[in-house]
Every structure is written in C-alpha cells, then in structure tokens.
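Reviewing the structure listed below.
Read-outs throughout are calculated quantities, based only on the coordinates presented, and are distinct from any laboratory measurement. Just so it is clear, the structure is predicted and the values come from calculations on it, not from any experiment. With ideal geometry, Cβ positions are generated from the backbone for all residues, glycine too; neighbour counts draw on all protein chains shown.
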Amino acid sequence: MAARAVALPAWRSLTPARRREALQGLLFISPWLVGFLAFTAYPMLASLYYSFSAYKILAPPVWVGLRNYAYAFNGDPLFWLSVQRTVIWVVVTVPLGIFGSLLAAVLLNRGLKGTNLYRTAFFLPSLTPTVAAALLWTWILNPRFGIANAAIEGLTGLRGPNWLADIDWALPSLAMISLWTAIGGNRMLIFLAGLQGIPQELYEAARVDGAGPIRTWWNITVPLISPAIFFNLVLGIIFSFRVFAFAFVVTEGGPARATYFYALHLYTMAFRSFDMGYGSALAWILFLTVLVLTVLNMQLSKRWVYYESLR
Amino acid sequence: MAAISRRRFLGLTAAVGGGALLAACGGGAPAPTATPVPVAKPFATVAPTSAPVAAGGAAGGSTASSAGANAAEPLITAKPPQRPEPITLRFHFRAGGDKSEPAIYVERPGEWSQVTGHKIALEPIPSGKEYPPKIVALATAGNLGDLMFTSVSEANHFFFVQNKLIEPVDDYLPKYNIKKEEWVSAIIKTLTIGGKMYGMPKASNPAEAHFAINLKLFEEAGLKKPEIYGNSFDDLRNWAIKLTKGPPDRRDVYGIYSHTYANQAVTNGVRARGADLIDAAGEKSLVDSPQFNDWLQWNYKLYREDKVHPMPDVLKPGDSNALAGMFAAGKIAISQIHRSWMVAFKTAVGDKFPWMFVQHPKLPNAKGWVANIDTHSATTQSKYKDEAFTLTYALADRRFAYVVAKGQGYLTGRVDNLEAIGPELAKDPFLQIQQKCTEEEEPWWIAKNLRQLEVEAELLNQLDTVWLGKRPPDKAFIGDLKKALDDVLAKPPL
C-alpha cells in the first residue's frame, strides 16, 4: 500500500465536539507523550547540546564547539580501537545471527515431531537475563574447570583455548555467548512467522513445474521472507553497534582491550571519567553512524526486498 | 598438550553443529530422558548475629563486644553541641559494608548514636564503578546525604573535593581539640589540597606491601623459614622456582603470585626499587626508568620464563577470593597480599598449615609504599555539619582503631595504632608489619587531570600484552607504554 500524506484539519475549523474529541485523544496518549518528551526527546536534545561542550556534570557545561568531535577522530586512540572492535563484532555477529535464526526457524517450520519442545528449547536462552547468561558462560568457558574445555579435551585430546582470558579468543568467545542468546529469540520468531505466511499453493505450483528444493528456496522462500530478513538485518545492525552488556560484565573490555567495544568506551568516558560532553559526542557519532547505515539499508532494500502487497 | 587453534575449533564446531542439525532434521528419535538430578537441600538460614543497624538509634548492647581491652577509652571524644531534638544523619557507604565491616558501619556508629542521641540512616551504594556516579547523581539533584565514604584509590576523593562536595575539616579540628598528628604524615599530606584538609581517614593501607608464605611448602622444599624483613627480589624468585611443582604448561603448585593487575601494586613494585610510576606533579609517566624496567623484567620472568606464576586462565586477575582459595589449597606457595584480602586469607587458611607474612622486598633507596586512603567525609550539602564531622572523627579515632583491629583484623591510619588496640591484639604479626609499612607510606601519585582510572586502564591493558605473551618487554614496548600513559595524562582535566 502506497503511503499517503494525511492532512490534519486546522484546529479552528473543528467543531466543538471534534475539538473535545481531539483533546480527549491527547489526554489518553498523554502518559506516553509526557514520558517521551521527558525521557527521550529532552535527553536527546540535551545530549546534542552537551556534545558541543565540556560538561563534567557537577559544573555547568562550557561551549567548546566541535572540539569533542575533533578529539574523537584525531586525538583519542581508543576511539578507533573501539570502532575496529565493534565493526568486527557487527560483521561477525549480524550475518551469523541472521543465518542461525533463519536456520532454526526453517527447522521449526518443518512440522517435525516435538516441534513445540524444540521451539521452547531454542527460545529459552533469549529469556535468560544478560548477566545470568554472562556468568553461566564464564563458568562454561573457564579454561581449567569449564565444561567446554573438558569436552574439547575429551573429544580431541587437544587442550582447549583460554577463551575469555586470551587476547585472540576473547572476542569470538563473547560472540559465541551473544549468538547463544540471540539465535533462538525474537529474530527466529519473526522468521518463523514469515515462513508460515508463505502460501502453500506457491510451493505446490513450483513442484508441479518441476522446481527442486534449492530453486524453490531461492525463488519462493527467500523473496517472500525478504522483508523479515531486512527487518532483522536493520535491527541486528543497530543492536550490534550497541554491544555493551556482555563485555561490561564478563571482560570489562579486556584482555588487552580485545573486547573494548564502542559503547564501553562511551560508558567509560561518560560515567567513569564523568566526561559527559565527550561521552555525548561519542553517542551522537554512534547515532549518526547507525542512522546512515539504516538509510543506506533502506535504499538498498529496494533492490532485494520483495513486498508482495506493493506489487 | 597442544592447544587448539581457532581454525580447528571452527572446523570442529561446524562438524558437530552439522551433525546435530542432521540429527534434528531426521526427527523421529525420542528425546533422551534426562536423568533427574538430586535436589540439594537448601542451606539452613543463619540468623544475623550483628547488632541492630545504627539507623535504629542507640544500638543497645552493640558496644559489649569491644568494651574489653580498651574499656577505659571514651566511647566518643568529639561530641557535637546539644540540640533540642534528635536528628538523623544520612550516611552513604559501600553496599554490604554493614555485613562485611560491621565494626565500622554498625558497631561504631551505634556507639556514636548512643552518646549523642542522634540517629544514622545508612544509605548503601554499590561499590566500585557504581559508587562515584551515584554520588554525583545525588549531588546534582541536591540530595546528597550528610557524610560519605570516599577513596583515593580511584581518585574519587579528589574529584569530590574539586567539585566542592566535601567539607574541609580545618575549622572543626581545633574546635574539637583534634590534632592532625594523630595520623601518619602521608595521610595528612594526601588529604590536604590547596592548603585545606578534606575528610577524616578511615584507614590508610600500604596496599600489596606484603607476601603470605606457606611454611609447610617451604619445609617440603627444604627451604628455611624466611625473615620477615630484608628479603630480596632474587630470594623471592629463587624460592618460587624451588616451590613450583608440575609441568610448565599446567603447574600443580605455582611458586608465587605477584600482583600486577592494580596501579597501586605496580606503583609499590616500582617504588620498592627507588622510583615511581608517575611524576610528583601527576603530568608525566616514569615508565622509561630503569626501576620500572626492572619491575617489568622481574615479573615477566615469573610469568613467561620461569612459569612459576599463574596465568589469567588459572587465576582471574584481581579475584582475591580465588587467590585466597588457591593459597589455602596449597596451589600457590607465596602470594602477594593486599591488606583488604587479609580476612579472606585468614578465613580460607584457618589452621590448615603454618604460614607467615614477610614484607615486600625493597632496595636501600626505596621510596615509601602508596598511601591508599579511605575516608569518611562530611558533605557540603549537609545541614548538620558538626554532627557529621564528629561522626567522621568517631570513625577515625583511637577507639575506632581498636574496634577495627578487633572486628576487621586490620589497622587504621593512626600513628598510635598498636597502643590503641591494646597489647593482646598488637601481638598479631600481620598487624605489626602493617603498622611498619603504614609508617613508611608516602602520598600516592595523583594524575593532575584526575584521570586516574584511565591511566590505570591503559597501564594494565598494555601490560596484559606482555603477560599474555603478545609483546616482549623491550624498549619498543616501554616506549609505546610511556606514550600511551603520557597521552592520557595530557588530556583535559576532569
């Protein structure tokens, strides 16, 4: 359905009854409206102002123009280091997460015996609170006493890695923990809904025309769930750029800053060093980066996302 | 045993995952029935034995436990002026302190309440990273309490002073006939900023200026009992090599644990060799000194060459409870020990084997140990400044020294600690070493821009690359480390 701009009637042209109705409507949405203005809109605008200032919280902000932004790009060695770690994280976890969730959804959509049990099993990790999952995996990945290395040693005779204590393994370990919670969560349910929404007649027609499973997958399934893939891709990128909790709880950015993600740097600057002006600038850089990527995704989506209702 | 590579791990994972997927696709096979795990009975609930929380006003009977040796000591020496009505002081402190340090946050405030008739509302705040932001949030909202815990270890005390959250004590000291000479000079120097003194010292400890020694392992290795003072760095290393047991890649017993994961421990290590980590002005790092290099090489040998030191995969850095557990289990023979880890060590070891403390080795030209000071400070937002001050003094006076030594097993920053705690408690060898080290303290360096935490994070993360074998401890590394630290120190002040 094509979007249509709806012109709101001018307030003066409304009859008293319509005005009363409009006021009642505003009254009903006022809890959300007040919450949005107080806790989202105002802090965002305030942080935009702070990003152009030296603001140490306990003293009034002092306008410094673009200094915070210039320092981020040209003076702060941890800025580019954290950007690098975060980009690696996004590149690794977003495709793997989408692929894993899609695979799980496809398996659940096959109508196998015990599907409800599998669905519950796949979904349960996503219900685990982040801190609990982090602590659980800290034990699983304990290099000496953890079940992961015990299994590796038992199966292969090789010594397992040091996981979170190793510079090379720490980031992949966190990615593994993150995927464990993410693959079977809402993303999988969205894919499942998409798969179940595909009319069976299309598959039957394809079968009659002699299409094999691979061709059916590429020419029917993928196009018809492409809106779900696109939705999960956009959200996945946004959430991955904000990666924070696992690194904060498990590694604190270490060892040797191997897991020092952008959001951790932002938090450190704003809430540990109380450099709220610089922290706000980092937040806006993150926001603008994600915004640009999302707009880019929206533009590119015209080439590969198929909206049946728009045809 | 060979270590698995990332490539091989991925291959194995793909094989295992693929197998699992095929199995799932196959369907049909009933899910294996899980063997029921016997459910353990819950632990019996232990009723708290501590005295009622000070908020309840006069904590009846709470003084009984400490009224023995120093019964002659007055409960409260600095009493605030009388008020027509009792007031309630709001006291911000590290959450859990009333359980882990009841002598400080239950017993002693209870005594103050008993004498003054005023109440104290304890307002716990999660410790560590969460503490300063919460204080800042309260202060910004104009809702800061009357007194609070502060620490110089993360420079939060200085940050609070700079932002005028802490009331100077200079007007109150003469008013209550209190002399600064009651505490060791390093404390007074540290807490005096711009000519004014801020906060009353709860304690000042020399951080990791001591090592715990397992004498049973010493005897088994044919080593004689060490002296308490005067051991050299070579002594420690040689002992560690002889005490270590098991294959190099996975020791059964590690000879030594040298704490390399805290700025205070690194500073002590460098100071013991006659230099410092950061200059006195807090503007330049001194890691290009021969003394820092000596510290770096000594520890590198323990970690990477002798392999007598547990790596982070065996012992998570900074996990004092795990360290105490390994020491108590005879898995670590010599352990550097912070004053605040004492309780964990004593509890873990008990009477399993004979053990002792020795002082951290130091060269003849050594500088003093860091003065790691915790304070209780009256806030500028308090309406009851006299009451707040007298309570902070009650948490720093002679009786406090006794209550802390008896209840918590460590000393405060008083010069007369050993006298104040009485002859029985003063026999404790650890308290004797601690007092000597406390008297040898010098003010800790403070980054001029107050970015202490950033300096520490940079230092420890860079050092990690050496301990974990990613970089050799060569000139290039030290050059990079110096530049990184100097860059942080050159940032604008907080």
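The ellipsoid that matches the Cα gyration tensor of the protein assembly as shown has semi-axes, each √(5λ) in whole angstrom, of 52, 37, 27, with the longest given first. For the cross-link pairs B:Lys224/B:Lys362; A:Lys56/B:Lys164; B:Lys352/B:Lys427; B:Lys242/B:Lys482; B:Lys301/B:Lys448; B:Lys301/B:Lys475, the ones whose C-alpha atoms lie over 23 Å apart are B:Lys242/B:Lys482; B:Lys301/B:Lys448.
Size descriptors for the stretch B:91-200: radius of gyration and Dmax over Cα atoms are 14.7, 37 Å.
Legend: helices of chain A (whole DSSP H runs) are marked when their alpha-carbon atoms reach 30 angstrom or more along the helix axis and their mean Kyte-Doolittle hydropathy is at least 0.0; marked are A:77-108, A:276-304. Once you divide the Cα radius of gyration of the stretch A:69-175 by 2.2 N^0.38 Å, the number left is 1.42.
With the charge dipole of the stretch A:44-153 set up from +1 on Lys and Arg Cβ and -1 on Asp and Glu Cβ about the Cα centre, the Cα lying farthest toward the positive end among the listed residues A:Ala133, A:Asn109, A:Phe73 is that of A:Asn109.
The charge dipole of chain B, taken about its Cα centre with unit charges on the Cβ atoms of Lys, Arg (+1), Asp and Glu (-1) only, comes to about 960 debye. Expressed in units of 2.2 N^0.38 Å, where N is the residue count, the Cα radius of gyration of the stretch B:87-150 is 1.14. For chain B, the mean residue ellipticity at 222 nm estimated from helices alone is -11000 deg cm²/dmol, where every DSSP H run of n ≥ 4 contributes -39500 (n - 2.57) and the total is divided by all residues, rounded to the nearest 500.
With the Kirkwood sum run over all distinct C-alpha pairs, chain B has a hydrodynamic radius of 24.9 Å. P(r) for the stretch A:178-311, from all Cα pairs and a bin width of 10 Å, is 10, 28, 27, 18, 11, 5, 1 %, short bins first. Each of B:Thr244, B:Pro226, B:Gly199 was placed along the dipole of the stretch B:190-249 (beta-carbon charges, centred on the mean Cα), and the one lying farthest toward the positive end is B:Gly199.
Overall, the stretch A:166-299 carries a charge dipole of about 140 debye about its Cα centre when +1 sits on the Cβ of Lys and Arg and -1 on the Cβ of Asp and Glu, all other atoms neutral.
A simple rule links phi to the HN-Hα coupling: the Karplus curve 6.51 cos²θ - 1.76 cosθ + 1.60 with θ = phi - 60°, which for the stretch B:475-482 gives 4, 4, 4, 5, x, 5, 5, 4 Hz, with x for Gly and Pro.
Bridge orientation summary for the protein assembly as shown: considering DSSP beta bridges with both residues in this region, about 65 percent are antiparallel.
Computed over the alpha-carbon pairs of the stretch B:138-283, the distance histogram in 5 Å steps reads 2, 7, 13, 15, 13, 12, 10, 8, 7, 6, 5, 2, 0 percent, short to long.
For the residue pairs B:Lys119/B:Lys180; B:Lys367/B:Lys436; B:Lys129/B:Lys284; B:Lys79/B:Lys383, alpha carbon separations beyond 19 Å are given by B:Lys119/B:Lys180; B:Lys129/B:Lys284. Calculate log10 I(q)/I(0) of the stretch B:339-427 for q = 0.23 Å⁻¹, where I(q) comes from the Debye formula with a single equal point scatterer on each Cα and nothing for solvent. The computed values of log10 I(q)/I(0) come out as -1.22.
To the nearest ten degrees, helix B:452-467 and the longest principal axis of the Cα atoms of chain B are 20 degrees apart. All other residues whose Cβ lies under 14 angstrom from that of B:Ile256 are scored, Lys and Arg at +1 and Asp and Glu at -1, for a net of +3. Over 19 Å, how big is the tail of the calculated P(r) for the stretch B:270-333, in percent of all Cα pairs? Result: 51 percent of Cα pairs exceed 19 Å. Between the listed residues B:Ser285, A:Ile177, B:Ala139, the Cα displaced farthest toward the positive end of the dipole of the protein assembly as shown, a dipole computed from Cβ unit charges relative to the Cα centre, is found at A:Ile177. About its Cα centre, the dipole of the protein assembly as shown is roughly 2060 debye, where the only charges are +1 on Lys and Arg Cβ and -1 on Asp and Glu Cβ.
Label-to-label distance, B:Val343 versus B:Arg83, with points set 7 angstrom from Cα along the beta-carbon direction: 3.0 nm.
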